[in-house]
Amino acid sequence: MERYRQAVALTLKFILAIWFLSASLAANSQTLKYNLKPLSQISELGNKKGVAILYLKAQGTAPSMIIKPVSLTANQKFQRYKGSTDYKVNLKGFEPGFYQLTLPKGSYQITEINAPFYDLPFSKDTNNDITWRFTVKTQMLSYIGELQIDGERSRNHVEINLFNRYASQYQPLKKLVTQLQIPYPLITGQAYHDDFARDFEGSE
């Protein structure tokens, strides 16, 4: 009986510890509304920030995405940083093209894509998909892919994809960076291992 009471007490302590930890993380986190900006608006970067570059082709009434900083572990799983800032990024009203997000250096996960259509809500959960993960490095331009959100949809489905087109988009992006006289190097920002992208980057 004594062992049972001790086990119950230990379980309750564990549950309370998890609850307090979750409450602490929630209290220390915040969601920041963020708008994509053209590459021409890249300002001087300090020693703790870099730029994520996205090619966007998004249709729909009010598309958006959620980006969260993550801490990568050896097996490529992740956990939230304590006291981190989440970014809700508006994707509405942008012509197809390259856009940028200036972010603190680190690894990030695009965790959700929202693509409502009038009264039909829809969201795609990308929380555990490694292909939606990217890294921002200090004073560098990290290409993170081409995001496509299709305007045509059914009640329960919207075609949403993030394509890695670093090789095919490198030259037009590099040309644009040169024209704008942006003084930072261009790299692939995928946080997962991609032999082709790394080999292509090494050949440039």
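The values are calculated or read from the model by the stated rules, or taken from the named source; none is laboratory data. Quick caveat, the model's predicted, so the values are computed rather than measured. Quick reminder, even Gly has a Cβ in these numbers, built from the backbone with ideal geometry, and neighbours come from all protein chains shown. These area figures cover heavy atoms from the full protein model, side chains too; ligands, DNA and RNA do not enter into them. Shrake-Rupley method; radii C 1.70, N 1.55, O 1.52, S 1.80 Å.
Run the simple label-point estimate for Gln41 and Asn128 please: 7 Å along Cα→C-beta, distance reported in nm.
3.6
Net charge near Gly97: determine it from the other residues with C-beta under 11 Å of the C-beta of Gly97, scoring Lys and Arg +1 and Asp and Glu -1.
Numbers: positive: Lys57; negative: Glu95, Glu146.
Result for the neighbourhood of Gly97: -1.
For segment 112-181, what does the accessible surface come to per residue with a 1.4 Å probe? Please give it in Å². Please report the intermediate quantities before stating the final value.
Details: 3880 Å² over 70 residues.
In whole numbers, segment 112-181 has 55 Å² accessible per residue.
Multiplying the sequence separation of Leu180 and Lys33 by 0.36 nm and subtracting their Cα-Cα distance, what value in nm do you get?
Working: separation 147, 0.36 × 147 = 52.92 nm, distance 2.64 nm.
Extra length available between Leu180 and Lys33 comes to 50.3 nm.
How far apart, in nanometres, would the label points at Phe163 and Thr102 be if each is projected 7 angstrom from Cα along the Cα-to-Cβ direction?
With each label placed 7 Å out from Cα toward Cβ, I get 3.0 nm.
Run down the lysines and flag those whose C-alpha is under 29 Å from the C-alpha of Lys88, throwing out any fewer than 8 positions away in its chain.
Lys33, Lys37, Lys48, Lys49, Lys57, Lys68, Lys77, Lys105, Lys124, Lys137, Lys174
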